[in-house]
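Step one of this worksheet: look at the structure below.
The values are calculated or read from the model by the stated rules, or taken from the named source; none is laboratory data. None of these values were measured; they are calculated from a predicted model. Protein only, heavy atoms only, side chains kept; ligands, DNA and RNA dropped before computing areas. Shrake-Rupley method; radii C 1.70, N 1.55, O 1.52, S 1.80 Å.
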Amino acid sequence: MNHEAVLSFAYDDAQRARRVAASVRPEVGAIAGDRTRATLERDGDAVTVTVEAEDLTALRAGLNTWQRLVAVAERAGDAAPV
């Protein structure tokens, strides 16, 4: 892959980061295509998504996808009963 971008998301606590990571982790292998791939890591209260792509168009599309997936996981976590 010729291009790479790293998205880093910091949370108030490790539990929230764990929930977000667990919510989006199944997508790592499911949405990777021929032109992009992604990895996900969680370290304490931070979640990092690395997107690699063959070209800039694929990189932009991959970044948009992962930003949306994480945003949905965050909103779903906010709506969960305490």
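Remark on residue 25: its backbone amide H falls under 5 Å from none of the residues 5 or more positions apart or on other chains, H modelled at 1.01 Å from N. Taking the longest Cα principal axis of the chain as reference, the axis of helix 56-79 is set at about 10 degrees. Given a 1.4 angstrom probe, I'd like the percentage of the accessible area of region 22-82 that is carbon and sulfur, rounded to a whole number. That share works out to 51 percent.
Across region 11-27, coupling constants 3J(HN,Hα) worked out from phi with the 6.51/-1.76/1.60 Karplus curve, θ = phi - 60°, read 10, 5, 8, 5, 5, 5, 4, 4, 5, 5, 4, 5, 5, 9, 4, x, 7 Hz, and Gly and Pro carry x.
Return one whole number: the accessible area per residue of the chain in Å², for a 1.4 Å probe. Don't skip to the end; give the middle numbers.
Details: 5130 Å² over 82 residues.
Roughly 63 Å² per residue, with all protein chains present.
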